[in-house]
Amino acid sequence: MAKNYGQMYNILGWGDPFFVVNSHGHLSVKPHGRDTISGQEIDVHSVIDAALSTMANEDGDKKAQFPMILRFPDVLKNRLDSLHAAFNGAIESTGYTSRYQGVFPIKVNQNKAVVQDIVNFGHGYSYGLEAGSKPELLIAMSCLTKAKPGAYLVCNGYKDADYVALALSARAMGLNAIIVLEMEEELDIVIEQSAKLGVEPVIGFRAKLLTKIPGHFGSTAGKHGKFGMLAGKIYEVAEKLKKNGKLHWLKLLHFHVGSMIPTTDIVYKAATEAAGIYCDLVKKHGATGMTTLDCGGGLGVDYDGTRSGSSDMSVAYGLEQYASSVVQAVRLTCDDHGVPHPVLCTESGRAMASHHSMIILEALSAIPEPQDEDTHDQLLGKIQDLSSKQPRSSATYNGGGAIAVDAMHSHATDLKKHGIELYKLAKKLSKRVTGDASTIYNYHMNLSVFSLVPDMWGIGQLFPMMPVSRLNERPALHGTLVDITCDSDGKIDRFIGDAVTLPLHRLDPAKGGYYVAALLTGAYQEALACKHNLFSGPTLVRVESAGGGGGAFKIASVELGPTTEEVIGTMRYDVKNDISDVIEKAAANNGAWPEMGPLIEQVLSTMPYLRDYKTPKTTL
């Protein structure tokens, strides 16, 4: 029986039910999750080979380049179906008397194909969209013309007159647009624009809850959060609406306690708190026309596969447990107050989009990393020494005032610096321990961390990563991934499982290309990507299941990433006048243009990443 080393990457944890290793030792996708029948699994290595031999859609004369994103829309549909099955099951089992009707937040992935797929797959559920800016609102207005009538268009974010006018125009064209007020001042804009356009709005309030979540994603929650209004202010604005005869505009209450809620206890607590505010609006302030409680985002993804909820990379529940917590909390609270059960809405973007997309990285070479000069014992000694020297405040905090505030700030800054130095030493020690056991290799990848996995650089997000092939061979080397940007931050040396290296194979040109997949990357990465070093987006490959057996699939589309010319153009250069013509003139003066001309054209018309790179025979 063939060996299977997929579990070295905990694929059974984070990969269930979409990712497995097949009998060839290749990463495979189960496009229909648990409904995938034997023989329908799609071999990712075969997809890469097919994509590389497929001409790109735009011109039909260019082949795909690395890096590339593989999209599996069947997975996206399965996630959407599973979310609705979870809520429908919870509603039926608890006697909840209303329904679930969600929206997808466009900010999670604004790509045209993704948003259109969401609307298409969600049509039978009246699934809608959420927008947080004017560009996103325009996308939503266009895409929702294909949605089932009544699908929500939730309008979040800070708003000016143009934003509000667009939202009112959406209602005028028959869309179910709801303007969610982030602050009291926005009501004046809504009243003004409604009168100007002659369109009656539907509005909601965004509640700033006291319920918080731990970790990075909880930093904008609680009473000091960036968005929304505290309960007292919400009641004031409701009274203002009543005084102006506009309380019937109010239909929705929205809250969001942060992304990646780690446990269902917090889900339940937040939904209970919000449902209490909803009930008070109905019972105490006369907002009897309210219909909907929007529970926002927060439905998490178990990136590390531990199901522990103990870090920003993990949640301790699945779709069914999440839905049950929301439904139970709202049902019990509304029943206690004698308020009809509202329509339940969520803005679950990360949990819907993450699994359907993976980034394929091409290995270029691998070289040994020099060992740290400090030994294991020396590093341990430095950590112990630094631990004994925790910064102490030299000033008293008593009495308050500016001096005390400055002292506390200074002390906090010192503690932060101290913690960072401890972290650096601990990381060095971890790598030293690994390096003492075996050599660590730097795998140079055709990658820009800043353009493809910006959350890894920006907030320390971790994604599951593993080789695409040769998983029937034991990966004998410990590797870190180094990108091709001219930036020392352009590396990946933290992996799920608190690892500082990734198990990888020796590069062997005779065995063809060696590819590493970054998985669960369908949320936020494309939207947050930057153009550091003027590297840009990847090739996009749409892969559809062909049904039947034998792992049949179809490459539905191949779209090249931005060319070098297009990337330069984003920096306000006129590429012809400022670049090409200037170079041609200087080269012609030296007789070099006949050789340079075709090269300049080729570079400008292809993606900025390395192209047709051959792994050196001298490398591993």
(request) Considering each residue of the stretch 6-30, count those that are of a type in the set (S, T, N, Q) and more than 25 Å from Arg494 (Cα to Cα), and give that number. (result) 2
(request) Identify all residues within the stretch 584-615 that are surrounded by 15 or more Cβ atoms within 10 Å (Cβ to Cβ) and more than 35 Å from the chain's Cα centre (by Cα); write none if there are none. (result) Glu584, Ala587, Trp593, Met596, Gly597, Ile600
(request) Go through the stretch 272-388 and tell me which helices (runs of 4 or more DSSP H), entirely inside it, have 2 or more residues that are at pLDDT below 95 and not aliphatic (A, V, I, L, M). (result) 376-387
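Which of the residues spanning the stretch 473-501 are within 26 Å of His532 (Cβ to Cβ) and among the charged types (D, E, K, R)?
If the condition is that a residue be within 26 Å of His532 (Cβ to Cβ) and among the charged types (D, E, K, R), then Asp483, Asp487, Asp489, Lys491, Asp493, Arg494 are the ones that fit.
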(request) Confirm whether Leu70 is of a type in the set (A, V, I, L, M, F, W, C) and touching a Phe, Trp or Tyr at 6+ places or on another chain (Cβ under 7 Å). (result) no
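Table: residues versus (1) crowded, with 22+ Cβ neighbours inside 10 Å; (2) outside any loop (DSSP other than H, G, I, E, B); (3) modelled with pLDDT under 95.
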| residue | (1), (2), (3) |
| --- | --- |
| Arg171 | no, yes, no |
| Gly174 | no, no, no |
| Ile189 | no, yes, no |
| Ala195 | no, yes, no |
| Glu200 | no, no, no |
| Gly204 | yes, yes, no |
| Pro214 | no, no, yes |
| Gly222 | no, no, yes |
| Gly225 | no, no, yes |
(message) Need the failing condition index for Val257 against (1) open to solvent by 40 Å² or more (accessible area, probe 1.4 Å); (2) touching a helix residue (DSSP H, G or I) at 6+ places or on another chain (Cβ under 8 Å), just the number.
(response) (1)
(request) May I ask you to list pairs of residues, at least six apart or on different chains, whose Cβ atoms are under 8 Å apart, with the first in the stretch 256-268 being farther than 14 Å from Arg307 by Cβ and the second being open to solvent by 40 Å² or more (accessible area, probe 1.4 Å) and in a helix (DSSP H, G or I)? (result) Tyr268/Gln328
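Checking the condition touching a strand residue (DSSP E or B) at 6+ places or on another chain (Cβ under 8 Å), at pLDDT 95 or above, open to solvent by less than 20 Å² (accessible area, probe 1.4 Å) and not assigned by the TED database to the domain that holds Leu319, which residue from Gly6, Gly15 passes?
Gly6
For the stretch 298-313, which residues satisfy the criterion of being more than 12 Å from Val267 (Cβ to Cβ) and out of contact with any Lys or Arg (no Cβ under 7 Å at 6 or more places or on another chain)?
Asp302, Tyr303, Asp304, Gly305, Thr306, Arg307, Ser308, Ser310, Ser311, Asp312, Met313
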(request) Considering only the stretch 277-314, state which residues are open to solvent by 10 Å² or more (accessible area, probe 1.4 Å), more than 25 Å from Asp335 (Cα to Cα) and of a type in the set (Val, Ile, Thr). (result) Thr306
(request) Could you please give the count of residues in the stretch 532-550 that are over 23 Å from Ala366 (Cβ atoms) and either modelled with pLDDT of 95 or more or surrounded by 19 or more Cβ atoms within 10 Å (Cβ to Cβ) (or both)? (result) 11
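The values are calculated or read from the model by the stated rules, or taken from the named source; none is laboratory data. A quick note: this is a predicted structure, and the numbers were derived from the prediction, not measured. Here the Cβ is made from the backbone with ideal geometry for all residues, glycine too, and neighbour counts use every protein chain on show. SASA here: full protein model, heavy atoms, side chains in, ligands and nucleic acids out. Shrake-Rupley method; radii C 1.70, N 1.55, O 1.52, S 1.80 Å.
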